[in-house]
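Everything on this sheet refers to the single structure shown next.
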Amino acid sequence: MALCGGVGAMALPSELIVHIFSFLSDRDKLRASAVCSRWRECLFYPALWTELKLRIGGGDTGGCNGSSSDETPKLEFLMRKFGSFVRELQLELAPVEGNLSPLSNDPSAGRMEQLPGGQERDPQQLSERWRDAMATYLDQVLCVFTTIRNNRNLQKLSLYGDTFILQQEGLLDSSNLHQIHQGDKKINEIQQLFMELLSNSRQLRWLSCSFMLGLVTPCSLACLSNPSAQTLQHLCLLDHQLGPLISPSELDRLSNLHSLALDFSDFTPELCGLLASPRRAPLHRLSLLLNGAALEFKPLEGTAKEDDWKALVRVSANLRVYIMALEVDSSELLRVLKPSLPLERLHLDSYSTLVTDATLELISQQYNKTLTHFLLLRDGPGFPDLSVNRNEDPLVLLVWRCTQLAVLVIHGYTVWSHNLVAISRLRGSSLRILTVSEESIYFDPDQSRYVEGDPVHCLVKDVSLGLGRVWHPCLDSSVVLSEPTQHFHCELHAFSTGM
């Protein structure tokens, strides 16, 4: 920019400076603001910052701190500048990254943690790291809601708490936060500020709160103002809590809702019936998270039945559903996957449980016209072969039957090389993403008799020809084994915005 070098830049009127800023990226805006004090003043003009996307924390925590406290001042600065007027706020909070044990009253928790190389880590140090991480998390959430609670311009609020690794066994609820210094006081203040924000809002269109510990309560949505209840089009309330976060009476107020995300066990016949009302706007996207660890406390008997799904689809003809199932037994999956459920995306993720060939058979038959995304992941010992005792491989049959399939990701199950070639040829270039981890691929022992050259090279060549583009197996399994709740949060965002 020629204007950024001399006296002419300082003489420009503020309106023109703001106009120049509007053409620059966020990073270039910051660089241009160094011209002089007037340019710095114009940098924070509200019209330039209608949208703010932040991820706080989640860096390397190999040291003793294990927290994102260093980034709190940055968050405070940004929220102080933009929180009162920003229209769209997308925020991810990652209190800690790495192995970290929460507090425990269990005497066995006094054992030393074994580290690589035979070293041991003092459990007291882990407890201190946990306290630091969660204290920072509470302070950051307080900072955010203190600055945005009176923002009546807010149209989109998307919050995600990357707290999965803070789980010790099963589900982690907000009760652990009460062990932090002034934890009770801060939690109550956070919940009150969140309710104030909902009450003060006037044009909220997108409200997403995923795994924000201590934030959402069953009473939160009741505070949503009537104007925002009419404008709200997307709602996502997910937590590690065992109780439902959306009541039928509150859902009934949201008559223009187009997209909804919640725990599968909370999708009751009553909620489904409300969404099937002809007085409402049709629902287009429904994202459901099924956590096997919660089924002991939230059984499937209370979820929507086949007739409920039929009634919903009659009113919402364009409805598509995304389901992620975490550590769910196949017998439970067979109960969940109703014939009338318009399933478009399915993610099966587990460690100890196994998906059976019967489950794949059911999926391929019931959702052959709707399924576009299928992820089959298992981070456990061994690579089970689903084609044992079968004439046809169930994965090949699924790809053949599901004519709309565009994304296929597999790890943790045996995929024979010749079946992988068949998959590529069946769907061709319409299969936009085919990701199979290298360790999941097995070769026929007799293949060397009728195939010349390196079998891996031949496989890459054949699959590439089938897809009509260059293809390689995934060499790093961590690429496909992403943190499940974060993956669900990102996918449902893309799924819901793609209406």
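Of note:
- In the range 177-192, the qualifying residues are those that are open to solvent by less than 30 Å² (accessible area, probe 1.4 Å), in a helix (DSSP H, G or I) and modelled with pLDDT under 90, and the one that is farthest from HIS240 (Cα to Cα) is GLY183.
- The range 193-241, subset assigned to a loop (DSSP other than H, G, I, E, B) and among the β-branched types (Val, Ile, Thr), residue surrounded by the fewest Cβ atoms within 10 Å (Cβ to Cβ): THR217
- Filter result for the condition that a residue is of a type in the set (S, T, N, Q) and open to solvent by less than 50 Å² (accessible area, probe 1.4 Å), over SER340, SER331: SER340
- Residue check, SER265 touching a strand residue (DSSP E or B) at 6+ places or on another chain (Cβ under 8 Å) and at pLDDT 95 or above: no
- When ARG280 is tested against the conditions (1) more than 23 Å from GLN241 (Cα to Cα); (2) among the basic types (Lys, Arg); (3) in contact with a helix residue (DSSP H, G or I) (Cβ under 7 Å, 6 or more places away or on another chain); (4) surrounded by fewer than 20 Cβ atoms within 10 Å (Cβ to Cβ), the lone failure is (3).
- Here LEU481 fulfils each of the conditions (1) open to solvent by less than 20 Å² (accessible area, probe 1.4 Å); (2) under 19 Å from PRO384 (Cα atoms); (3) not small (Gly, Ala, Ser) apart from (1).
- On the stretch given as the range 29-43, residues that are open to solvent by 50 Å² or more (accessible area, probe 1.4 Å) and either in a helix (DSSP H, G or I) or within 15 Å of HIS19 (Cβ to Cβ) (or both) total 6.
- Set VAL421, VAL436: member being crowded, with 17+ Cβ neighbours inside 10 Å and in a strand (DSSP E or B): VAL436
- Remark: pairs (first residue in the range 1-24, on the phi < 0 side of the Ramachandran plot; second residue among the β-branched types (Val, Ile, Thr) and modelled with pLDDT of 65 or more; Cβ separation under 7 Å; 6+ apart in sequence or on different chains) = CYS4/VAL35; ALA9/VAL35.
- LEU290 meets the conditions (1) part of a loop (DSSP other than H, G, I, E, B); (2) among the hydrophobic types (A, V, I, L, M, F, W, C); (3) surrounded by 19 or more Cβ atoms within 10 Å (Cβ to Cβ) in every case but one. The failed one is (1).
The values are calculated or read from the model by the stated rules, or taken from the named source; none is laboratory data. None of the values given here were measured: they were computed from a predicted structure. Using ideal geometry, Cβ is built from the backbone for each residue, glycine included, and neighbour counts are taken over all protein chains shown. Ligands, DNA and RNA are excluded from the accessible area calculation, which covers all protein heavy atoms including side chains. Shrake-Rupley method; radii C 1.70, N 1.55, O 1.52, S 1.80 Å.
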